Amino acid sequence: MNAKTAAGAAAIADSPTLLVKVFGKDRPGITTGLFTTLAEYGVDVVDFEQVVTRGRIVLCALVTAPSKDGELRAEVHQWAESRKLQAEVISGIGDNRPRGEGRSHVTVLGHPLTAAAVAALSARITETGGNIDRVFRLAKYPVTAVELAVSGVPTETLRAALAPEAASQRVDVAVVASGLQRKAKRLVVMDVDSTLIQDEVIELFAAHAGCEPQVAEVTAAAMRGELDFAESLRARVALLAGLDADVVDKVRSEVRLTPGARTLIRTLKRLGFQVGIVSGGFTQVTDDLAERLGLDFAAANTLEVEDGRFTGRVVGDIVDRAGKAAMLRRFAAEADVPLEQTVAIGDGANDLDMLNTAGLGVAFNAKPVVREAAHTAVNVPFLDTVLYLLGISREEVEDGDTSEDTPVNLPGHV
């Protein structure tokens, strides 16, 4: 703030001001009419906000108090009555009180979002010493998403207070620090199985090999963190030995994208993000996904093939928990994006290192051990809700959509 600006702010802080509130049925011209009325008294605008909810407007203007205070009040009320509106004019000194140190954006996702949940979360914010400065709805479907600007409490303290309450109320809450960094995320890297897609690819292969129950049992234990991922992968892949490699085309056709996956990727790409996938699954499927979805990066394990059949082994180093984090770092370096400007999304224990390495780690419909360790969790079945955590509203997503979009030829592509 320069000296001139600082002097102006100080002058406002000590000067009489008027808070002018207008509310009633919304119609075109209300904002113009109010400020035209105020302009007759030569006032300066200190602040103003407007909200329209279900066709009802609330318009607030904070202005410097004129010498003819009483006349302004009378004319505002007269103008409001002529428009079948209600008005209130409140005297005071200066601007809004300064926001407290420690500023965060709290995104709340509910399906549905209940009044009880809002009451409980707002109570926790108050108990931590925080104040809700603004509230903005990001989406009304397929989930209700609202963003709260909160000040007066450190982000980590707020996150720790809200996480257990969110779990109790069965809503999702993401708490991120305010500032330019939040808007600077430029690389998103996702897990594949049960994140980008609804399936576990190795189980799709196992179904064709006749060993799906055995593979599914080992997969579930590995995702819960009960087994070493690399060992569990080798054990599962060994069960595929002898399977005809031509089954790859069938498995590719069986893969189902998670609802909202295509919307997420399309929107991120329009915003200039680079998008990648890293998987403990197999390049035989992930390379095809990357090509169809127009992704920038992809990494996964590769099933070894000899004489047209799977050998029951993988080629090279296994992409495991540590490997996923390493791939995130590699993708970030190649994209020339600092790690603090990356987002990672995953559901399993082998995603934890990647989630904690990224600037924002999102546990998506994740196992309990992952939800507890990630920066934030999303527990609704729509992958595009991650956009709300980045401050992108549903309206902005839809505005960006055009009729020229070519659908991806995969089930569940919306």
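The values are calculated or read from the model by the stated rules, or taken from the named source; none is laboratory data. Note that the structure is predicted; figures quoted are calculated from it, not measured. Neighbour counts are summed over all protein chains in view; Cβ atoms, including those assigned to glycine, are modelled from backbone coordinates with ideal geometry. SASA here: full protein model, heavy atoms, side chains in, ligands and nucleic acids out. Shrake-Rupley method; radii C 1.70, N 1.55, O 1.52, S 1.80 Å.
Using a 1.4 angstrom probe on the protein heavy atoms only, line up LYS84, LYS269 by accessible area, largest first.
Heavy-atom accessible area, descending, gives LYS84, LYS269.
Could you calculate the FRET efficiency of ALA241 with ASN131 from 1/(1 + (r/R0)^6), where r is the beta carbon distance between them and R0 is 60 Å, rounded to 0.05?
Once rounded, the FRET efficiency stands at 0.45.
I'd like the accessible area for LEU239: 1.4 Å probe, protein heavy atoms, all chains in place, Å² to the nearest 10.
80
For the range 136-146, what does the Karplus curve 6.51 cos²θ - 1.76 cosθ + 1.60, with θ = phi - 60°, yield as ³J(HN,Hα) per residue in whole Hz, taken in order and with x for Gly and Pro?
9, 7, 8, 7, 10, 7, x, 10, 8, 10, 10
How much accessible area does GLU49 have with a 1.4 Å probe, in Å² rounded to the nearest 10?
For GLU49, solvent-accessible area is about 80 Å².
With a 1.4 Å probe and all protein chains kept in place, how do ASP307, ASP44 rank by accessible area, largest first?
Heavy-atom accessible area, descending, gives ASP307, ASP44.
Just to confirm my numbers, what's the Cα centroid distance between the range 363-401 and the range 286-355 in Å?
Taking the Cα centre of the range 286-355 as reference, the centre of the range 363-401 is 20 Å away.
Please work out how much length the chain gains when fully extended from GLU306 to GLN86, using 0.36 nm per residue of separation minus the C-alpha to C-alpha distance, in nm with one decimal.
71.3 nm
For the chain, what does the accessible surface come to per residue with a 1.4 Å probe? Please give it in Å².
Per-residue accessible area for the chain comes out at 48 Å².
If amide H atoms are built 1.01 Å from N in the plane of the peptide, which residues on other chains or at least 5 residues away come under 5 Å of the amide H of VAL192?
VAL278, GLY280
Apply 1/(1 + (r/R0)^6) to the Cβ-Cβ distance of ARG234 and LYS269, taking R0 = 30 Å, and write down the FRET efficiency to the nearest 0.05.
Once the sixth-power term is evaluated, E becomes 0.25.
Could you tell me the relative contact order of the range 274-332? Use alpha-carbon pairs under 8 Å, at least six residues apart, and round to a whole percent.
It rounds to 33 percent for the range 274-332.
So what does PHE331 come to for accessible area, using a 1.4 Å probe and Å² rounded to 10?
Rounded to the nearest 10, that gives 0 Å².
Top to bottom by accessible area (1.4 Å), largest first, where do LYS140, LYS367 land?
Values: LYS140 135, LYS367 55 Å².
If we order LYS140, LYS367 from most to least accessible, we get LYS140, LYS367.
With +1 on each Lys and Arg Cβ and -1 on each Asp and Glu Cβ, and nothing else charged, work out how big the dipole of the chain is about its Cα centre, in Debye to the nearest 20.
Charge dipole, the chain, about its Cα centre: 1360 debye, nearest 20.
Amide H neighbours of PHE48 under 5 Å, counting only residues 5+ apart in sequence or on other chains, H built in-plane at 1.01 Å?
The list, which skips near neighbours in sequence, is LEU62.
Quick one: length gained pulling VAL58 to ALA115 fully straight, 0.36 nm per residue minus the C-alpha distance?
Using 0.36 nm per residue and subtracting the Cα-Cα distance, I get 18.4 nm.
Express the carbon and sulfur contribution to the solvent-accessible surface of the chain as a percent, rounded to the nearest whole number, probe 1.4 angstrom. Could the numbers behind the result be given before it?
Numbers: 10070 of 19740 Å².
Carbon with sulfur: 51 percent of the solvent-accessible area.
Quick check for the chain: number of Lys pairs with alpha-carbon distance under 30 Å, counting only pairs 8 or more apart or on different chains?
Final tally of qualifying lysine pairs is 27.
Could you tell me which of rounded, prolate or oblate describes the range 29-104, using a ≥ b ≥ c as the square roots of the eigenvalues of the alpha-carbon gyration tensor, with rounded for a/c under 1.5 and, failing that, prolate when a/b is larger than b/c and oblate otherwise?
Oblate shape, in that a/c is at least 1.5 and b/c is the bigger or equal ratio.
What number, rounded to the nearest 500 deg cm²/dmol, is the helix-based mean residue ellipticity at 222 nm of the chain, given -39500 (n - 2.57) per DSSP H run of at least four residues and division by all its residues?
-11500 deg cm²/dmol
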